[in-house]
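Enquirer: My questions all concern the structure below.
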């Protein structure tokens, strides 16, 4: 029985990620599971750019990402469902933060998207493969146009 579903989305691609989010919600509904939605911002502190950003800029980016994540879930699943969804905005490596969130919340299923290979999406390729390979729970990959 699935108790928690973690859906990883790229908030900068709301149209494409809505499909992934709808699938995650359907899978969570099968067992009445908790739905968590995560989006990961790049870790500016680990780059040269990070040296130029103040902490308040990172906080502003997190607040903006949180608002975009809330809007994505609200627009895709509706306001009532959105109230029950736990929203997570993390900063760092996509696959590491998704796996960490899954571990902390005892996730039973991770849902993420894989889009057309010619599109540059930070959840595609190495991140998705690492999540599948290193995750301690099942992973459901939604192919674009197939949900």
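No value in this document is a laboratory result; all are computed from the given coordinates. Note that this is a predicted model, so its numbers are computed, not measured. Cβ placement follows ideal geometry from the backbone for every residue including glycine, while neighbour counts extend to all protein chains displayed.
Enquirer: Can you give the extra length, in nm with one decimal, that the chain gains between residue 103 and residue 133 once fully stretched, where that is 0.36 nm per residue apart less the Cα-Cα distance?
Expert: 9.4 nm
Enquirer: Can I ask one more? If neighbour count is taken as other Cβ atoms inside 10 Å, put 107, 60 in order from fewest to most. Each step should come with its number before you reach the end.
Expert: Numbers: 107 27, 60 12.
Arranged by neighbour count, lowest to highest, 107, 60 become 60, 107.
Enquirer: With label points built 7 Å along Cα→Cβ from the Cα atoms of residue 91 and residue 15, find their separation and express it in nm.
Expert: My value for the distance between the label points is 3.1 nm.
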